[in-house]
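The values are calculated or read from the model by the stated rules, or taken from the named source; none is laboratory data. No experiment lies behind these values; they were computed from the predicted model shown. What goes into the accessible areas is simple: the full protein's heavy atoms, side chains included, and nothing from ligands, DNA or RNA. Shrake-Rupley method; radii C 1.70, N 1.55, O 1.52, S 1.80 Å.
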Amino acid sequence: MSVGLALMALGGGLFVLSKNRADRDEILGEGPAEPPKYGAPIGLLVGGAAALAGGIVMLVLGKTRYKLKTGGLGLLRPLRFG
């Protein structure tokens, strides 16, 4: 889930940077401006959304449970396994 969130944040940042660069080139350039290239930002947004959705599904539907057993492997406590 954290990887999905990071990819979505990176994609959003790149999307904003691409748009700002295209606007700046249009204002400062002498010729016609190139259309912004949104391929990589959209790919990161979609991939991040897929990773986030997969992480949420695994979190909700996962059957693995962990129970911490205390006492054991200490100097004054007996050594217990299982």
Worksheet entry | Those residues of the range 1-59 which are at pLDDT 90 or above, among the β-branched types (Val, Ile, Thr) and more than 9 Å from the chain's Cα centre (by Cα), in sequence order | Val16, Ile42, Val46, Ile56, Val57
Item to complete: Residues being open to solvent by 70 Å² or more (accessible area, probe 1.4 Å), in a helix (DSSP H, G or I) and among the acidic types (Asp, Glu): count how many of those fall in the range 1-44.
Response: 1
